[in-house]
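Worksheet: the structure to be examined is printed underneath.
Computed from the coordinates by the stated procedures, all read-outs in this text should not be read as laboratory data. Just so we're clear, the structure is a prediction, and the values are computed from it rather than from any experiment. Quick reminder, even Gly has a Cβ in these numbers, built from the backbone with ideal geometry, and neighbours come from all protein chains shown.
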Amino acid sequence: MHYTFDPFWDSLKKKGITKYQLIHKYKISNSTIDKLEHDKGIQLETICRICDLLELRIEDSVRVVDDSYVSTRKKIKENNED
C-alpha cells in the first residue's frame, strides 16, 4: 500500500499557502515539509496537527494509491530531472 501527499499540495495551492508560510507562519519543520514533498513516512499525529493548523480534513491531505500511480509518478520525476 502506498500513499501520496499530492492532495495536501493541491489544498495549499487553493488556499494560497506557500512553503515559506508553512515554515515561518505555521512553524512546520523543513524535515516534515521534505517528507510531505517526497511522500515519505510521517506520523499520523503530525498530519492531524497540520490539518488542524491549516483547517484541512485528512482526506484533503493524503490519498492511498496503487503501485501503478507510484511508478508513473517516479518516471515523471526522473524525466523532469534530466
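Results, tabulated for the structure shown:
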{"read-out": "Selection from Ile42, Asn79, Ile17 lying farthest towards where the dipole of segment 2-81 points positive, charges on Cβ", "value": "Ile17"}
{"read-out": "Angle between the chain longest axis and helix 6-15 axis [Cα atoms, degrees, rounded to 10]", "value": "40 degrees"}
{"read-out": "Amide H contacts of Ile28 (H built 1.01 Å from N, under 5 Å, at least 5 apart or other chain)", "value": "Ile23"}
{"read-out": "Length gained when the stretch Asp66-Lys13 is fully extended (0.36 nm per residue, less Cα-Cα span)", "value": "16.6 nm"}
{"read-out": "For the chain, the longest site-free run once trypsin sites (Lys or Arg not before Pro) in DSSP loop states with at most 13 other Cβ atoms within 10 Å are removed", "value": "58-82"}
{"read-out": "His2 long-range amide H proximity, modeled H, under 5 Å", "value": "Val65"}
{"read-out": "Intensity falloff of the chain expressed as log10 I(q)/I(0), Debye formula with alpha-carbon point scatterers, at q = 0.13, 0.20 Å⁻¹", "value": "-0.42, -0.95"}
